[in-house]
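Scroll down for the structure; my scribbles are underneath it.
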Amino acid sequence: MPIISDKNKQKIKEQILLVLYENNLRPLFTSSIASELARDEEFILYLLNDLNSGGFVKKITKNSDGKIYLARKRWLLHPKVYKEYNRLSEIN
């Protein structure tokens with residue numbers, strides 16, 4: 001597997017944030033984000049976990065009934081990040 005530079009990882013993280021911003025009211029599974037960006041699920045999961053530790057995204061581990069997902073995770077843009085995206089979009 002080829003090594004991806006930090007610059008390119010940053011660009012992919014920005015694309016992930018954009019996908020989550022466009023679907024803000026609907027948490028997305030890792031597989032949905034990966035297929036949207038045409039990337040490997042494990043790589044996207046790695047980047048999502050990195051974004052989660054940075055406070056940019058929230059990991060949702062329970063379904064609507066309150067049961068914990070065993071193997072799947074859904075992701076949502078953190079509300080503070082969503083507000084900042086809205087503020088920046090109003091400026092432009």
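The values are calculated or read from the model by the stated rules, or taken from the named source; none is laboratory data. Small disclaimer: the values here were computed from a predicted structure and weren't measured. Cβ: placed from backbone, ideal geometry, glycine included. Neighbour counts: every protein chain shown.
Count, please, the residues in segment 53-64 that happen to be of a type outside the set (Val, Ile, Thr) and at pLDDT 90 or above.
Of the residues in segment 53-64, 6 are of a type outside the set (Val, Ile, Thr) and at pLDDT 90 or above.
Which of the residues belonging to segment 5-30 are of a type in the set (S, T, N, Q) and either in contact with a strand residue (DSSP E or B) (Cβ under 7 Å, 6 or more places away or on another chain) or in contact (Cβ under 8 Å) with a residue 40 or more places away in the chain (or both)?
Scanning segment 5-30 gives Asn24, Thr30.
Yes/no per residue for (1) touching a strand residue (DSSP E or B) at 6+ places or on another chain (Cβ under 9 Å); (2) at negative phi; (3) without any contact (Cβ under 8 Å) to a residue 12 or more places away in the chain:
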| position | (1), (2), (3) |
| --- | --- |
| Leu51 | yes, yes, no |
| Lys62 | yes, yes, yes |
| Lys67 | no, yes, yes |
| Asn86 | no, yes, yes |
| Glu90 | no, yes, yes |
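Regarding Asp50, is this residue at pLDDT 95 or above and more than 9 Å from the chain's Cα centre (by Cα)?
Yes; evaluated as a whole, the condition is true for this residue.
Quick one: which helices (runs of 4 or more DSSP H) lie wholly within the chain and hold at least 2 residues that are surrounded by fewer than 13 Cβ atoms within 10 Å (Cβ to Cβ) and of a type in the set (Val, Ile, Thr)?
Per the criteria, no element qualifies.
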